[in-house]
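Structure, as structure tokens:
The values are calculated or read from the model by the stated rules, or taken from the named source; none is laboratory data. Since this is a predicted model, take the numbers as computed values, not measurements. For neighbour counting, all protein chains shown are included, and Cβ atoms are generated from backbone atoms with ideal geometry for every residue, glycine included. The area values use the complete protein model at the heavy-atom level, side chains included, leaving out ligands, DNA and RNA. Shrake-Rupley method; radii C 1.70, N 1.55, O 1.52, S 1.80 Å.
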Amino acid sequence: MNKPVSDIKAAPMAFIDLAAQQRRIEGAIRNAIDGVLAHGQYILGPEVKALEDQLAAYCRAKHALGCSSGTDAIVIALMALDAKPGDAVFVPSFTFAATAEAVALVGATPVFVDCIAEKYNMDPGSLEMAIDMIVREGMYRPVGVIAVDMLGQPADFNRIGAIARKNGYWLIDDAAQSFGAMLDNRRVGTLATITTTSFFPAKPLGCYGDGGAMFTDDDRLAGLMRSILFHGRGADKYDNVRIGMNGRIDTIQAAILIEKLKIFDDELDKRNQVARRYCDLLRDICRVPELIEGATTTWAQFTIIVKHRDDVAAKLKAAGVPTAIYYPKPLHMQTAYKAYPAVPGGLPVSEAMAETVLSLPMHPYLDVETQDRIVAAVKAALR
Ligand SMILES: *Cc1c(COP(=O)(O)O)cnc(C)c1O
């Protein structure tokens with residue numbers, strides 16, 4: 001049917017513009033996929049090893065292992081660390097469900113910890129209170145901490161790492177959003193006992209399907225994870241020495257990631273430029289993200305904190321500006337997780353954040369004109 005001329009609009013604004021990235025490297029991606037079709041090694045082809053070597057070199061971790069998703073990466077890490085029923089693992093509540101889900105999947109108990117407003121990450125003081133509670137109650141054996149690098153900024157690994165070490169706990173960095181970020185000149189991938197990441201398409205380094213990786217400097221843990229992600233293999237693939245899973249990354253996804261890694265640093269620069277501009281233009285009218293000392297971020301999301309968030313989001317939608325909410329409900333309030341222990345005194349910061357966070361369009365290809373339109377719409381909505 002013919003539409004009246006007044007209804008014809010420009011292409012809708014993208015929240016994350018994967019199409020712009022694809023246009024930039026389409027030839028290289030198609031060549032990479034063709035290469036896999038030509039050799040036909042769809043499972044653990046040469047691109048998987050090449051990708052792992054490049055990922056390890058990128059973040060200067062001793063070992064990088066490709067796997068099937070960011071969620072499986074956490075499960076595999078927990079299995080290698082022998083997390084099991086009766087164990088308590090401290091996790092932030094203000095995160096994507098996968099962080100706590102992986103703990104529950106291995107039969108251990110997630111214990112929810114509050115976060116710090118504007119920095120979005122685990123609050124070390126809240127972690128210490130949760131540890132005290134679990135130790136005092138004596139129902140679970142506390143074994144480890146999963147810190148999440150929300151929105152792309154490393155958690156406070158200096159303080160959280162010190163708490164974990166003092167208690168003899170292992171530490172996992174759920175870096176699904178932060179691969180490429182740094183803390184004190186160290187890349188994410190080296191800040192914890194094991195680091196996990198996701199290559200879900202919308203993450204800063206994404207493939208064209210599901211994928212993930214684990215990083216560690218520990219040879220023993222690397223060997224265990226290598227075995228677990230291939231059905232607990234021993235000397236060969238029909239020698240099964242432990243319970244594992246099918247947790248491999250596809251060769252085609254590895255081939256795609258190798259091409260995306262080539263432009264990744266440039267994309268991180270562009271994300272930083274976009275974020276800096278957002279901060280400068282919005283700082284006076286709403287709360288913008290803050291970085292901890294010594295940290296860089298991937299700006300997986302650019303999230304502001306506003307009162308009457310749902311009203312602001314509706315106004316932006318009407319103005320043609322897409323937004324998203326990461327995350328509308330903290331995990332300790334979710335049906336699937338509310339029976340698990342949480343830090344005494346509750347999680348007021350996580351609960352307030354869930355009601356006030358609003359993520360604006362963020363990707364390396366966001367041009368200045370579009371960004372100005374977004375900022376103008378935010379200003380109008382907050383007026
Ligand atoms: C995306 C994400 C995951 C899960 O990654 P998948 O690849 O989708 O399984 C885990 N944790 C956090 C914090 C995430 O953002």
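Only one of these conditions is not met by Y208: (1) surrounded by fewer than 24 Cβ atoms within 10 Å (Cβ to Cβ); (2) touching a Pro at 6+ places or on another chain (Cβ under 6 Å). Which number is it?
Among (1) surrounded by fewer than 24 Cβ atoms within 10 Å (Cβ to Cβ); (2) touching a Pro at 6+ places or on another chain (Cβ under 6 Å), the lone unmet condition for Y208 is (2).
When you check G212 against the structure, is it more than 16 Å from the ligand (Cβ to nearest atom) and modelled with pLDDT of 95 or more, yes or no? Before you say what the answer is, go through the steps one by one.
Working: more than 16 Å from the ligand (Cβ to nearest atom): no; modelled with pLDDT of 95 or more: yes.
The answer is no for G212.
Quick one: which residue in I258, I172, I249 is within 15 Å of the ligand (Cβ to nearest atom) and more than 28 Å from V143 (Cα to Cα)?
After applying the criteria, what remains is I249.
Restricting to segment 148-157, name every residue that is surrounded by 24 or more Cβ atoms within 10 Å (Cβ to Cβ) and either of a type in the set (D, E) or out of contact with any strand residue (DSSP E or B) (no Cβ under 7 Å at 6 or more places or on another chain) (or both).
Across segment 148-157, the qualifying residues are D149, M150, G152.
Please verify whether I243 is of a type in the set (V, I, T), surrounded by fewer than 24 Cβ atoms within 10 Å (Cβ to Cβ) and within 18 Å of C67 (Cα to Cα), treating the condition exactly as stated.
Considered against the rule, which asks whether it is of a type in the set (V, I, T), surrounded by fewer than 24 Cβ atoms within 10 Å (Cβ to Cβ) and within 18 Å of C67 (Cα to Cα), I243 comes out as yes.
From the list T109, T71, which residue is farther than 15 Å from I243 by Cα and within 14 Å of the chain's Cα centre (by Cα)?
Step by step, each of T109, T71 is checked, and only T71 is farther than 15 Å from I243 by Cα and within 14 Å of the chain's Cα centre (by Cα).
Determine whether segment 230-237 contains at least one residue that is open to solvent by less than 60 Å² (accessible area, probe 1.4 Å), more than 13 Å from the ligand (Cβ to nearest atom) and under 30 Å from H363 (Cα atoms). It would help to see each step written out before you state the result.
Restricting attention to segment 230-237, the residues satisfying the condition of being open to solvent by less than 60 Å² (accessible area, probe 1.4 Å) are 230, 232, 234.
Subsequent filtering for residues that are more than 13 Å from the ligand (Cβ to nearest atom) retains 230, 232, 234.
Checking the rest, the ones that are also under 30 Å from H363 (Cα atoms) come to none.
No.
In segment 66-93, what residues are farther than 11 Å from P110 by Cα and among the hydroxyl-bearing types (S, T, Y)?
Those that are farther than 11 Å from P110 by Cα and among the hydroxyl-bearing types (S, T, Y): S68, S69, T71.
Limited to segment 121-159, what total is found for residues that are touching a helix residue (DSSP H, G or I) at 6+ places or on another chain (Cβ under 8 Å) and not polar (S, T, N, Q)?
So the answer is 15.
I want to confirm something. Restricting to segment 12-37 and keeping residues that are open to solvent by 90 Å² or more (accessible area, probe 1.4 Å) and in a helix (DSSP H, G or I), which single residue is farthest from L360 (Cα to Cα)?
L37
Looking only at residues in segment 339-365 that are open to solvent by 10 Å² or more (accessible area, probe 1.4 Å) and over 26 Å from H308 (Cα atoms), which one is nearest to the chain's Cα centre (by Cα)?
If we take residues in segment 339-365 being open to solvent by 10 Å² or more (accessible area, probe 1.4 Å) and over 26 Å from H308 (Cα atoms), then P364 is nearest to the chain's Cα centre (by Cα).
Wholly within segment 42-130, which helices (runs of 4 or more DSSP H) include no fewer than the required count, namely at least 3 residues that are open to solvent by 30 Å² or more (accessible area, probe 1.4 Å) and either away from the ligand (no atom under 16 Å from the Cβ) or of a type in the set (S, T, N, Q) (or both)?
46-59
From the residues in segment 229-271 that are among the basic types (K, R) and in contact with a Gly (Cβ under 8 Å, 6 or more places away or on another chain), which one is nearest to T297 (Cα to Cα)?
K260
So for segment 136-147 (the condition being open to solvent by 10 Å² or more (accessible area, probe 1.4 Å), touching a Leu at 6+ places or on another chain (Cβ under 9 Å) and in contact (Cβ under 8 Å) with a residue 12 or more places away in the chain), does at least one residue qualify?
yes
When residues of segment 182-204 are filtered for being within 13 Å of the ligand (Cβ to nearest atom) and either in a strand (DSSP E or B) or surrounded by 24 or more Cβ atoms within 10 Å (Cβ to Cβ) (or both), how many remain? Spell out how you get there, then give the answer.
To start, the set of residues in segment 182-204 that are within 13 Å of the ligand (Cβ to nearest atom) comprises 188, 195-204.
Keeping just the survivors that are either in a strand (DSSP E or B) or surrounded by 24 or more Cβ atoms within 10 Å (Cβ to Cβ) (or both) gives 188, 195-199, 204.
Number satisfying all stated conditions: 7.
If a residue has to be part of a loop (DSSP other than H, G, I, E, B) and not small (G, A, S) to count, how many in segment 146-181 make the cut?
7
In segment 23-58, how many are within 23 Å of the chain's Cα centre (by Cα) and farther than 24 Å from G180 by Cα?
Residues meeting the conditions: 0.
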